[in-house]
Amino acid sequence: MNQTQVLIVDESLGARKAVEKALDDRGGVEVVGSVGNGLDALDMIQSKTVDVLITDLEVPALDGFLLIEAVRDVRLKNTAGVIVLTQLVREDFVYRAMSLDVDYYMLKPFDPYVVGCRVMDLLPPKCDSRLSLDERITDVLLSAGIPAHIKGYYFLRDAVKTMIGDPDIINAITKELYPTVACHFNTSPLRVERAICHAINVAWSKGRMQNIRCAAVDRPGLIQSKPTNGKFIALVADAFLAG
């Protein structure tokens, strides 16, 4: 089986080791390089196949922005995905990264497990019936482009699981589903509704919502426009129920 080739670029050896350890725990992923400066990373990209680039923006010799620009240059081997890990939180930095089609902009300190999930999110989705229901729902939401660091991700996962257990709750989204999820997280139904809406907006902007079909059943043309909260939750839950 072909493994996904990952390159990690960070001046901090500790950060690189943490990400590498998280990826080593996952199947189908191989770290082909772990370097501390942009020039070494560029040399590696030009000489090897790199499917996913994970890079800090503050790296010596060639900063992360210039490295990503080089990666995106048609003269070089394009990567399947780019993940930024940085301490830079300025809005103009985030905007510049997004203009370079960065898939994820993650802030330090980071959770290595979540970074691993982000890498898996950039891979072609696969279904594995041996996974638990929670893990399968997680895989579907990540593959659809729902970021795991936002509240809406956790609310959505809980809402889907709740609907799988009680399909009739689809008829009482506002009166029953939102309050149920809110109770689980000690928050308000309104905050649950808004957070889920935000998560769906983020996923829709990434254009990967069609990956939901992987859950269990293929339904051509089902997601032609951005779904409402209820439709999205029902779509994911119904795929599992159908499977």
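The values are calculated or read from the model by the stated rules, or taken from the named source; none is laboratory data. Computed from a predicted structure; not experimentally measured. We place every Cβ from the backbone using ideal geometry, glycine too, and count neighbours over all the protein chains shown.
Of all residues in the stretch 94-110 being assigned to a helix (DSSP H, G or I) and not basic (Lys, Arg), which is surrounded by the fewest Cβ atoms within 10 Å (Cβ to Cβ)?
Checking each candidate, the answer is SER99.
Please verify whether the stretch 68-86 includes one or more residues that are modelled with pLDDT of 85 or more, of a type in the set (S, T, N, Q), in a loop (DSSP other than H, G, I, E, B) and assigned by TED's automatic domain parsing to the domain that holds LYS17.
Within the stretch 68-86 (the criterion being modelled with pLDDT of 85 or more, of a type in the set (S, T, N, Q), in a loop (DSSP other than H, G, I, E, B) and assigned by TED's automatic domain parsing to the domain that holds LYS17), the answer is no, since none of the residues qualifies.
Would you check which residues across the stretch 194-209 are more than 19 Å from ILE137 (Cβ to Cβ) and surrounded by 13 or more Cβ atoms within 10 Å (Cβ to Cβ) and list them?
Once the filter is applied, which keeps residues that are more than 19 Å from ILE137 (Cβ to Cβ) and surrounded by 13 or more Cβ atoms within 10 Å (Cβ to Cβ), the stretch 194-209 yields only ARG194.
Which numbered condition trips up GLY165, out of (1) surrounded by fewer than 18 Cβ atoms within 10 Å (Cβ to Cβ); (2) at pLDDT 90 or above?
The failed condition is (2).
Please work out if VAL19 is under 16 Å from ARG118 (Cβ atoms) and either at pLDDT 90 or above or in a strand (DSSP E or B) (or both).
Spelling it out, VAL19 is indeed under 16 Å from ARG118 (Cβ atoms) and either at pLDDT 90 or above or in a strand (DSSP E or B) (or both).
Would you be able to tell me the number of residues in the stretch 145-159 that are among the charged types (D, E, K, R) and in a loop (DSSP other than H, G, I, E, B)?
Qualifying residue count for the region: 0.
Looking at SER143, SER205, SER225, can you tell me which residue is at pLDDT below 90 and in contact with a Lys or Arg (Cβ under 8 Å, 6 or more places away or on another chain)?
Step by step, each of SER143, SER205, SER225 is checked, and only SER143 is at pLDDT below 90 and in contact with a Lys or Arg (Cβ under 8 Å, 6 or more places away or on another chain).
Among the residues of the stretch 46-65, is there at least one that is among the polar types (S, T, N, Q), in contact with a helix residue (DSSP H, G or I) (Cβ under 7 Å, 6 or more places away or on another chain) and over 18 Å from PHE93 (Cβ atoms)?
Within the stretch 46-65 (the criterion being among the polar types (S, T, N, Q), in contact with a helix residue (DSSP H, G or I) (Cβ under 7 Å, 6 or more places away or on another chain) and over 18 Å from PHE93 (Cβ atoms)), the answer is no, since none of the residues qualifies.
Quick check: anything in the stretch 5-12 among the aliphatic types (A, V, I, L, M) and either modelled with pLDDT under 90 or more than 23 Å from the chain's Cα centre (by Cα) (or both)?
Looking for residues that are among the aliphatic types (A, V, I, L, M) and either modelled with pLDDT under 90 or more than 23 Å from the chain's Cα centre (by Cα) (or both), one finds none in the stretch 5-12, hence no.
Can PRO220 be described as over 18 Å from the mean Cα position of the chain (by Cα), modelled with pLDDT of 85 or more and in the same structural domain as TYR154 (by TED's automatic domain parsing)?
no
List the pairs whose first member sits in the stretch 148-161 and is at pLDDT 90 or above, whose second member is among the basic types (Lys, Arg), and whose Cβ atoms are under 7 Å apart, counting only residues at least 6 apart or on separate chains?
If the second residue must be among the basic types (Lys, Arg), no pairs are left.
Over 21 Å from the mean Cα position of the chain (by Cα) and outside any loop (DSSP other than H, G, I, E, B), is that true of LEU142?
no
Mind listing whichever residues of the stretch 164-189 are in contact (Cβ under 8 Å) with a residue 60 or more places away in the chain and not in a helix (DSSP H, G or I)?
none
Out of the residues in the stretch 19-37 meeting the condition of being hydrophobic (A, V, I, L, M, F, W, C) and within 18 Å of the chain's Cα centre (by Cα), tell me which one is nearest to ASP63 (Cα to Cα).
VAL19
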